[in-house]
Amino acid sequence: MDKPLENKVKATVAHLRELWTRLDSKHRFVAFSTGKDSLAVAALLYEAVGSESPPCLYSHHQLEFPEYEQYAEGMRAFGFNIEIVKPFLQYFELIDRGIGFLTLKEAWCRPLLIGTGFLEWLQKKGARSPLSGVMFRGISGSDYSHNLHSPFEIYTCLDLPCFNPILDFSKQEVITILKERYGLPLNPIYEHLERTYCICCYTPEAKSQIYGRYRFPEVHKRYYALIENLIFESGLIEKSADKKQHKTREEKIAKHGFVHWKRLRAQNTVGAFKRRLRNGALSYRIRDKAWINTKHLTPVRGNWFCQKDMIRFWDVPETIADSLIKRMINCLDCGYCVVICFPCRKFDRKTKTLQIEGCIRCGKCLNLRFCMGWKHRFWRRIILES
């Protein structure tokens with residue numbers, strides 16, 4: 001390792017040591033993906049404050065190769081405090097509940113397949129909110145990385161403070177540090193692919209697709225069959241504004257055109273009918289009583305009444321009433337909205353449902369910012385005013 005790189009490493013280690021000490025009151029962890037960048041961050045941090053055994057969280061889900069989890073567990077032999085967390089719900093469970101397939105615009109995989117495990121870890125540590133945590137994340141330098149990221153940022157999908165300490169390191173510098181300074185093995189997947197992929201990201205290149213189809217055939221087949229069903233078997237493709245040559249299975253599935261899918265108005269379905277009453281109250285008739293779950297109305301308790309398929313609000317602003325109904329009828333029970341309120345929201349892993357208890361009506365949940373059902377349900381249920 002040459003002198004300039006060694007000096008850069010020493011400066012980064014000193015900076016990490018200072019940061020770790022300054023953030024002593026926070027719940028600090030490394031987001032460990034099993035990729036080279038997150039491994040480099042962990043190695044640098046352990047050189048800085050190894051005696052404190054910084055936790056390295058790896059979230060494993062069913063679209064990743066089993067070898068990733070084995071690799072993460074194997075890194076414990078090198079002294080890393082690896083903790084393996086699981087998402088609240090797996091990919092196919094979310095699909096069964098109505099979420100849409102992953103696209104470049106609607107990439108919900110990070111918050112739901114990775115983030116929920118991190119959120120639960122923070123809750124168990126006693127954090128009052130994600131802002132009580134700090135994530136150290138591995139993103140090495142490139143023009144693309146520098147355009148999108150900074151040394152410190154808020155990881156918006158988890159509302160979590162995040163440091164990116166190796167933005168100034170190139171890919172080759174990261175590999176050199178891992179091999180020559182720390183003697184750490186890279187994830188064996190690099191023998192086959194450019195980076196650590198899961199099926200969500202198989203779409204960028206043919207090499208990734210071929211390897212995934214060969215190595216993970218059953219999951220691979222199920223993944224693409226579900227997408228084909230949503231686009232073609234539903235008849236939705238005929239309502240798309242795409243040119244005829246772009247409406248084929250070859251274009252959308254084989255060539256992975258589905259990653260550029262843009263939500264259509266035809267994906268909206270009527271979920272509730274709204275009516276304004278003479279006394280100023282708002283009445284919503286829910287199309288399917290099975291969609292009614294009054295736990296979502298807890299933030300305005302005392303200001304609503306439910307009878308059969310009708311919910312009535314009084315002294316509640318219309319925008320808030322609309323948000324509560326939209327959240328309720330589109331809810332996936334995915335648990336992601338614990339990000340809004342750690343003290344009162346929990347995901348029950350036994351029943352696989354969101355629990356809301358002890359609401360103090362702080363108002364943080366009276367919008368749809370963190371509602372995955374409203375944002376990503378494939379057949380979104382909307383309100384129609386009658």
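What follows draws every value from the coordinates through simple rules; no lab data is involved. The model shown is predicted, which means the values in this text are computed figures rather than measured ones. For neighbour counting, all protein chains shown are included, and Cβ atoms are generated from backbone atoms with ideal geometry for every residue, glycine included.
What to note about this one:
- Taking a ≥ b ≥ c as the square roots of the Cα gyration tensor eigenvalues, segment 3-191 comes out prolate, since a/c reaches at least 1.5 and a/b is larger than b/c.
- When you count the other C-beta atoms within 10 angstrom of each residue and take the mean per peptide, 350-356, 54-60, 316-322, 111-117 line up highest first as 111-117, 54-60, 316-322, 350-356.
- Each residue of segment 132-137 is assigned a 3J(HN,Hα), and the resulting list reads 7, x, 9, 10, 9, 10 Hz, derived from the Karplus form 6.51 cos²θ - 1.76 cosθ + 1.60 (θ = phi - 60°), x at Gly and Pro.
- As a length-normalised measure over Cα pairs under 8 Å and 6 or more apart, the relative contact order of segment 3-191 settles at 24 percent.
- Net charge contributed by nearby residues that have their C-beta within less than 12 Å of R381 (K/R +1, D/E -1): +4
- For V85, the residues whose amide H sits under 5 Å from its own are Y58, S59, H60, ignoring neighbours fewer than 5 places away on the same chain, with H placed 1.01 Å from N.
- Taking Cα atoms only, the orientation of helix 318-330 departs from the longest principal axis of the chain by about 70 degrees.
- Using alpha-carbon coordinates, inclination of helix 3-22 to the longest axis of the chain, degrees: 50
- Filter on K221/K352; K105/K295; K86/K244; K36/K364; K105/K171; K274/K364 - keep pairs with C-alpha separation over 32 Å: K86/K244; K36/K364
- Overall form of segment 265-385 per C-alpha gyration tensor (a/c, 1.5; a/b vs b/c): oblate
- Cα gyration tensor shape for the chain, rounded if a/c is under 1.5, else prolate or oblate: oblate
- The chain: antiparallel DSSP beta bridges as a percent of all, rounded to 5: 50
- Calculated mean residue ellipticity at 222 nm for the chain: -8500 deg cm²/dmol, from DSSP H runs with n ≥ 4 weighted as -39500 (n - 2.57), summed, divided by the residue count and rounded to 500.
- Rounded to the nearest 10 degrees, the angle from helix 206-215 to the longest Cα principal axis of the chain is 80 degrees.
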